[in-house]
1. Going through the range 117-134 one residue at a time, which ones are part of a helix (DSSP H, G or I) and surrounded by fewer than 22 Cβ atoms within 10 Å (Cβ to Cβ)?
2. Taking the options 162, 166, name whichever one is within 14 Å of the chain's Cα centre (by Cα) and more than 18 Å from residue 75 (Cβ to Cβ).
3. So the check is Cβ under 8 Å with 6+ separation or different chains; which pairs have a first residue in the range 118-135 that's under 12 Å from residue 84 (Cβ atoms) and a second one that's outside any helix (DSSP H, G or I)?
C-alpha cells in the first residue's frame, strides 16, 4: 500500500468516526427531547423543589464572601472574570438580539450568558474559581430563590461538562449551545415548594449584575 493510499484511508476513517459521533449526538438529543415531551405531557416537567435541599446539593451557603471580598482576596482572577463577563454579555446580546424589551433574564439568553461565563472562567482558572465567584455573585444580588437555584444549577452543570475530556474538542459557545439543546441547563427559574413565583424588576437587579464592572471600569 502506497503512502497516499494510507493517508486517504486515515482520512476516510476519521470522517466515518466524525459522522458516527454526530449521529450519536443527534440521537441523544432526540431521546432527551422525547423524554422531556413525555414529562410535560404527564405534567411533571417542572415540579417544585425544596430550596434548602437544593443549595446543599450545590454546596452553596448564604453566608460567605461577596464581590468585594473576592476582589480583595483574588484581585487578578476577579479582574479577568469581569473582562470575560463583559465579553460574554456582548456576545449574548448580539446572539439573542437583546433590547430594552428583550433582556437576557430568566430565559435561554440568561442561561447562555451565565453558563458561557462559567465555562470560560473554568477553562482559564479552574472549576473552583467559577464556583466561588458564582457564589459571591449570588450572595450579592437580590435574586429570588428560584432564580438563584437556576444560576447555581447551570454553573454546576457547566463545571461537570468542562471536566469531560470530550468537551475540549468544541468551542465554548458550542458546548453551551449543546447543553441548552440537550436540556441540561435551566432556562427558567426553579419553582420553590410553598412559594409563589415572584421576581424583582430588571432595574432593581442591575447593581448586583454590574458590581465587578463598577470596580474595574477605570482600569
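1. Narrowing the range 117-134 to residues part of a helix (DSSP H, G or I): 117-125, 127-134.
Listed by number, the residues that qualify are 122, 123, 124, 125, 127, 128, 129, 131, 132.
2. Details: 166 fails: within 14 Å of the chain's Cα centre (by Cα).
None of the others qualify; the one that does is 162.
3. That search, which allows pairs on different chains as well, returns 129/74.
Conditions (1) modelled with pLDDT of 95 or more; (2) touching a strand residue (DSSP E or B) at 6+ places or on another chain (Cβ under 6 Å), marked per residue:
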| residue | (1), (2) |
| --- | --- |
| 146 | yes, yes |
| 155 | yes, no |
| 160 | yes, no |
| 165 | no, no |
| 168 | no, no |
| 176 | yes, no |
| 180 | yes, no |
| 197 | no, no |
| 201 | no, no |
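This table checks each residue for (1) more than 23 Å from residue 185 (Cβ to Cβ); (2) in the same structural domain as residue 181 (by TED's automatic domain parsing); (3) modelled with pLDDT under 85; (4) assigned to a loop (DSSP other than H, G, I, E, B).
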| site | (1), (2), (3), (4) |
| --- | --- |
| 11 | yes, no, yes, no |
| 18 | yes, no, yes, no |
| 35 | no, no, yes, no |
| 63 | yes, yes, no, yes |
| 70 | yes, yes, no, no |
| 82 | no, yes, no, no |
| 89 | no, yes, no, no |
| 94 | no, yes, no, no |
| 97 | no, yes, no, yes |
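The values are calculated or read from the model by the stated rules, or taken from the named source; none is laboratory data. What you see is a predicted model; the values in this text were computed from it and never measured. All Cβ positions, glycine included, derive from the backbone under ideal geometry; neighbour counts span all protein chains shown.
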